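One structure is given here, and the rest of the page talks about it.
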Amino acid sequence: MRFTFFTICFLVFTFSSFGQGQIFGKLTDRTSGDPLEFASVAVFRTGDSTLVTGGITDVDGRYLIPSLDPGGYYVHLSFLGFSTQTIPSFELSKNQKLDLGETQLSPDAQTLQAVDVNGQRITADFKPEKQSFSAESFEVAQGGTGTDVLRNLPGVAINGEGTLSIRGNIGFVVMINGRPTQGDPMTLLGQLPANSIEKVEWLSAPSAQYDSEGKAGIINITTKKGAADGLFLQINAKIGLPSIENYDNAQPQQRYGGDFNLNYVKGDWDLSLGASYQRNDIAGKRVGSVYTIDGDTTTYFPSEGERSINETNYSGRFTLGYNPNAQNSFSLGFYGGVRDKLRTADILYYDNHEEYPGGETPPFQYFNANDQNRRGDFLIGSLDYVHTFASESKLSTSLLYEYTMLGGPTVNRNLGYPDLSIVYQDEYNTNDNPLNGIRWNLDYTFKPSRWGTLQTGYQFRYLNHVGDFLYERKNNETGDFEIVPEFSSDVDLHRVIHSGYLQLDKKMEKWSYGAGVRLEAMNRDFRLQDKTGQLDTTYLYDYVRPFFSASLTYQAKDDLQYKLNFTQRVERETTFKMNPFPEREHSETLEQGDPEVLPEFVNTLEAGLIKTWKDNSLYATAYYTRIENLVNRVNTVYNDTILNRIYSNVGTSHSTGIELGTETFLTENWKFYLGGNGYYYQIRGEFDDRPVDQSAWVYSFNFNTTVTFAKVWSSQFTLNYLSQRVTAQGEDSRFYLPSLTVKRSWLDGRLTALFTWQNIDMGLLKTNEQRITTYRPGEFYTTTNYIQEVDMLLLNLSYTLNRSKNRTKFVKSEFGEKEF
């Protein structure tokens, strides 16, 4: 019945376009010849000068206005900083496809003069379907990674563990140049140099044409672009000054790196190359306190010590594009990278004792030397093809293959204190996780008709992830390491997803709407074995489920829009959160997954407005999000001194909030940007036969202000703030990061130096510090304060050859990075 309905829709929209015409053309910069992306196209009726419809240009400066009735029209073409051009009146006949050719816009002299004085421009673009932000407006991110760019967006917050969340949700999908990935966004963004990012777009309510994955929507990153025809080259270098604060870490931290982005376009060929190397160490310490209750005995074990991170990332990217004509384009891409992250937690556990009726045990101290080395090697290849028919219909296909090797050991040694030669326990656990993944897409966009533009497509995804988890403990008598069966396992995950979609979009004079459905069939096969051969279990899970989306926009005035959006999405868990065999994280912590964990299903409804005036813009969005089968990190007591950390479904969450974003010029040389989000968060459900009932208000804001002192000097202050928030078993404290940059440029902007004072504290604040608390009445209480490095000083140098725009497009990971 469902497919019969889809077939009827297909036939209706295919044959509904007769009788209407269309116009198309291209906009370029008269001075440089570069295409103008996001330029406005407005179509007016000749007789009464009423606005009929409109559109914007794509990355190549091209536009297409479909579904025009026969008659007389004229067109206004405009772009910020350029003089508006008018295409004189013309007659459009029935079924005519009229090519208006290439129109060149000249820079507006008055605007150029203002820019010369200010040295600044509007860098945020708020639209009903997405918000766009220029990466250059977040100077504190330069020399860092994609994570440093994204943490400044409205609705986005970063916590003490370096994890990004959007509207309180950690799950979101990252696209690179419009190509979807399914990798862990944090690992993916950590591999992408901030210097290579030109623009970031956030789609909070994606339509059915996009993957259904991602609780908080989709982030699309556009990499820097070079010349329309010629060479673009950017080289960047970073060096960090020695640490100012002393955290008694065993080794000094190192911060340095470099990257380059090269794009060469000649005729039909488009070549992009990129490579980066980054060393980003962070000093820090951890102060914690835990107690557990077993019957009438309470065990206390406070702790304090080093918690530092040494991280190295290096990667290479290559894409070759071939465009033999306007109808066909091919793209071949490869991406390889290595991430090596060493987390050191050398913790002194002191004054450990038990209290029970009638007395207590004497205090006992020991030193825990804990190193976790997490590695990931990636090799990904993709092939893309797009064909545009004479009717303006479009067929595209994409194939991606990925091989990933993940793994890394954790060394956990409990030693005597102060005599470190005493070895109480010496443990070693490691894992090797080879992964193979395939994704294939086939998409078709029908010729625009009076009903709108219809898109349909099919996607196939396959993932196979094998895991060999080995846990060994040293026998202090023999000196040999012996396997610990209850912590060692083999896993084999197979996941197959078939999905198809229909999406209809229509633009009218003041109204525009979209509606779509994505039908998805998933099959998950998870086989679990222990090392003794006594356990061999296969967990099966599958579903066939539609995901609906809809949007409605009303253009009340030229400078005022209203929007209403709805979307349904899903978040699928990784093998790490499915493996029930524990992994030793710290002396007092085991970590494990749930083999029967269910996907999280998400419904989001949002309504808002977008207001613009002169060089200023504002958007406000009210939203409601419901997440079924919410996955949280929860704890149980493993024994009197060890907690078992489990990832499992804990119930349903509800978020009701409002989000604001604005960018405005306070004076000619002072620009102000603010993005804020506040919401009421509730969790209702149960875990381990105990109720889960938590709620609280949460808010965050990202603020920066830029002052231009002269044409070549500017300074920017940035503040990222996240308030206290609740979890299924406790709460996380507030977290904030203030930073300051000073920028100087030479050689007409081709050479720039950026000095950054990151995580400002000066011993007066509690910057880069977060306390995480969990508890279960009558069983345990744990609170840990993570204190990370502040007052970090960095110098970034950048040189650009040919500063005009280019088309660098790099393939990124789909599967493996999610497991890192």
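Throughout, read-outs are computed from the coordinates displayed, never taken from laboratory work. All values derive from a computational prediction rather than experimental measurement. No Cβ is skipped: glycine too gets one built from the backbone with ideal geometry, and neighbour counts run over all protein chains shown.
The H on the amide N of Ser83, modeled in the peptide plane, is under 5 Å from the matching H of Ser106, Asp108, each at least 5 residues off or on a different chain. I'd like the orientation of helix 109-118 relative to the chain: the angle between its Cα long axis and the longest Cα principal axis, in ° from 0 to 90, rounded to 10. Once rounded, one gets 20 degrees. In a simple Cβ point-charge model (Lys, Arg +1; Asp, Glu -1; nothing else charged), the chain has a dipole of about 3700 debye relative to its Cα centre. Restricting the range 581-681 to trypsin sites (Lys or Arg not before Pro) that sit in a DSSP loop and have at most 15 other Cβ atoms within 10 Å of their own Cβ leaves Lys614.
Going by how many other Cβ atoms sit within 10 Å of their own, how do Lys97, Lys238, Lys266 line up, fewest first? Walk me through the intermediate numbers first.
Values: Lys97 15, Lys238 24, Lys266 11.
The order, fewest Cβ neighbours first, is Lys266, Lys97, Lys238.
Among the chymotrypsin sites (Phe, Trp or Tyr not before Pro) in the range 307-412, those placed in a DSSP loop whose Cβ has at most 15 other Cβ atoms within 10 Å are Phe389. Here Asn373 and Tyr462 are evaluated by their C-beta separation; at R0 = 25 Å the FRET efficiency comes out at 0.25.
Structural descriptor for the range 124-819: relative contact order 15 percent, calculated from alpha carbon pairs under 8 angstrom and at least 6 residues apart.
Which net charge results when you count Lys and Arg as +1 and Asp and Glu as -1 among the other residues whose beta-carbon is under 13 Å from that of Phe717?
Summing Lys/Arg as +1 and Asp/Glu as -1 gives +1.
Backbone amide hydrogens, once placed in the peptide plane, bring Gln253 within less than 5 Å of Ser243, excluding anything fewer than 5 places away on its chain. Length gained on full extension, Ser89 to Trp269, computed as 0.36 nm times the residue gap minus the Cα-Cα distance: 61.1 nm.
3J(HN,Hα) couplings calculated from phi for the range 656-663 with the Karplus curve 6.51 cos²θ - 1.76 cosθ + 1.60 (θ = phi - 60°) are, in sequence order, 10, x, 9, 10, 10, x, 8, 9 Hz; Gly and Pro show x. May I ask which residue of Thr574, Gly437, Asn95 lies farthest towards the positive end of the charge dipole of the chain, with charges of +1 (Lys, Arg) and -1 (Asp, Glu) on Cβ and the Cα centre as origin? Sorting the options by dipole projection puts first Asn95.
Between the residues Leu605, Ser67, Leu153, the greatest Cα displacement towards the positive end of the dipole of the chain, with unit charges on the Cβ of Lys, Arg, Asp and Glu, is found for Ser67. Using the Cβ-Cβ distance between Asn325 and Asp615 with R0 = 56 Å, the FRET efficiency computed as 1/(1 + (r/R0)^6) comes to roughly 0.90.
Kindly provide the Kirkwood hydrodynamic radius of the chain in Å, to one decimal, from all pairs of distinct alpha carbon atoms.
Evaluated on the chain, it is 28.7 Å.
Backbone amide hydrogens, once placed in the peptide plane, bring Asn579 within less than 5 Å of Gly593, Asp594, excluding anything fewer than 5 places away on its chain. Straight Cα distances below 20 angstrom link Lys531 to the lysines Lys474, Lys577, with same-chain residues fewer than 8 positions distant left out.
If R0 is 22 Å, the Cβ-Cβ spacing of Lys711 and Leu560 corresponds to a FRET efficiency of close to 0.05.
Near Asn475, once Lys and Arg are set to +1 and Asp and Glu to -1 for all other residues with Cβ below 15 Å from its Cβ, the sum equals -3.
Scan the range 487-527 for trypsin sites (Lys or Arg not before Pro) in coil per DSSP, keeping those whose Cβ has at most 11 other Cβ atoms within 10 Å, and list them by number. Don't skip to the answer; put the middle values down first.
Numbers: sites: Arg495, Lys506, Lys507, Lys510, Arg518, Arg524, Arg527; in loops: Lys510.
Qualifying residues, ordered by number: none.
Coupling constants for the range 417-422 follow from the phi torsions by the Karplus curve (6.51 cos²θ - 1.76 cosθ + 1.60, θ = phi - 60°), and in residue order they are 9, x, 8, 6, 6, 7 Hz; glycine and proline get x. Here the Karplus curve 6.51 cos²θ - 1.76 cosθ + 1.60, taken at θ = phi - 60°, turns the phi angles of the range 246-262 into couplings of 10, 10, 6, 7, 5, 10, x, 7, 10, 9, 6, x, x, 7, 9, 10, 10 Hz, with x standing for Gly and Pro. Taking a point 7 Å from the Cα of Glu245 along the Cα-to-Cβ direction, the residues of the range 703-732 with backbone N closer than 17 Å to it are 719-722. For the range 517-556, what class follows from the C-alpha gyration tensor (a ≥ b ≥ c being the square roots of its eigenvalues): rounded when a/c is under 1.5, otherwise prolate if a/b is larger than b/c, else oblate? Prolate, since a/c reaches 1.5 and a/b exceeds b/c.
Can you tally the net charge around Asn704? Count Lys and Arg as +1, Asp and Glu as -1, for every other residue whose Cβ sits under 9 Å from the Cβ of Asn704. Provide the component values of the computation, followed by the final result.
Details: positive: Lys671; negative: Glu139.
Net local charge, Asn704 excluded: 0.
Among Trp757, Trp670, the ranking by other beta carbons within 10 Å of each residue's beta carbon, starting with the fewest, stands as Trp670, Trp757.
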